[in-house]
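The values are calculated or read from the model by the stated rules, or taken from the named source; none is laboratory data. Keep in mind that what you see is a predicted model, and the values were worked out from it rather than measured. Please note: Cβ atoms are built from the backbone with ideal geometry, for glycine as well, and neighbour counts cover all protein chains shown. Surface accessibility is based on the protein's heavy atoms, side chains included, excluding ligands, DNA and RNA. Shrake-Rupley method; radii C 1.70, N 1.55, O 1.52, S 1.80 Å.
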Amino acid sequence: MFKGNNSRTGFSEISSSSTYLGDTNLDGIINVLDILLLLNHILYDTELSELGLVNADFNNDDLINVSDIVLIVQLILNDY
């Protein structure tokens, strides 16, 4: 598992095909695209897949909100 690097590339690459919190678009990489998809879901009620919804609830509080976005950003920046 790779979660960012010292030069702050802005992505986390995941190996394997399991559920990864933060990977809302299910492409195996946690990056700004996941944040944008999650933001669109929150603001405009765009649809996420069932697994995308599970991955979007980063803090496991059964709510998908800005708290999840903040935690995903922290993961990307390797501060989590």
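Just a few scattered comments:
- Restricting region 39-49 to residues that are of a type in the set (A, V, I, L, M, F, W, C) and part of a helix (DSSP H, G or I), the residue that is surrounded by the fewest Cβ atoms within 10 Å (Cβ to Cβ): Leu43
- Within region 50-80, being touching a helix residue (DSSP H, G or I) at 6+ places or on another chain (Cβ under 9 Å) and either in a helix (DSSP H, G or I) or of a type in the set (Gly, Ala, Ser) (or both) holds for Gly52, Leu53, Asn55, Ala56, Val66, Asp68, Ile69, Ile72, Val73, Ile76.
- Residue identified as open to solvent by less than 70 Å² (accessible area, probe 1.4 Å) and either at pLDDT 95 or above or farther than 16 Å from Leu77 by Cβ (or both) among Leu36, Leu53, Leu26: Leu53
- Residue within region 2-13 that is part of a loop (DSSP other than H, G, I, E, B), at pLDDT 95 or above and surrounded by 12 or more Cβ atoms within 10 Å (Cβ to Cβ) present: no
- Taken over region 56-76, the criterion of being open to solvent by less than 50 Å² (accessible area, probe 1.4 Å) and of a type in the set (Asp, Glu) is satisfied by Asp57, Asp68.
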